[in-house]
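First up is the structure itself, then whatever we jot down about it.
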Amino acid sequence: MIDPNAAIEYTKTTVCRQHANLINMMVELWYVNHGGVWPNPDLSDIGRDKDYFPNGVPICPYNGMPYALDPTTHRVELNFYEVDDGKIEETIESMR
């Protein structure tokens, strides 16, 4: 039997990863369209631009935290991995 709480946690982490992928694509598009300039690490500039995020930059449904870019790689950092204490892996295992 599937644990409903595990299913919810799994769904939240999946959506969080999908949001991160979308943001990373928009960041790359911003870079190209703005002459090789990356958006701010806190995504404040790209988040205000309705051409990129008409409803604003999404937040992670897993932990409710805003996404941020690593200032070196210019990719989204998925912060829930650091505070997860293995819950994500347990959740994924319980879904199998």
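Before moving on, here are some points about what is shown:
- Residue in the stretch 4-26 that is farther than 20 Å from residue 73 by Cα, surrounded by fewer than 16 Cβ atoms within 10 Å (Cβ to Cβ), aliphatic (A, V, I, L, M) and over 15 Å from the mean Cα position of the chain (by Cα) present: yes
- Residues of the stretch 23-65 classified as in contact with a Pro (Cβ under 9 Å, 6 or more places away or on another chain) and among the hydroxyl-bearing types (Ser, Thr, Tyr), total: 2
- Residues in the stretch 1-43 that are more than 25 Å from residue 71 (Cβ to Cβ) and among the hydroxyl-bearing types (Ser, Thr, Tyr): 10, 11, 14.
- Of the residues making up the stretch 58-77, those that are in contact with a strand residue (DSSP E or B) (Cβ under 7 Å, 6 or more places away or on another chain) and either outside any loop (DSSP other than H, G, I, E, B) or β-branched (Val, Ile, Thr) (or both) are 59, 66, 69, 76.
- Selection count where residues are surrounded by 12 or more Cβ atoms within 10 Å (Cβ to Cβ), at pLDDT 95 or above and among the β-branched types (Val, Ile, Thr), scope the stretch 28-82: 2
The values are calculated or read from the model by the stated rules, or taken from the named source; none is laboratory data. Only a predicted model underlies this, so the values are computations on that prediction, with no experimental measurement involved. Don't worry about glycine lacking a Cβ; one is built from the backbone with ideal geometry, like all the others, and counts go over all protein chains shown.
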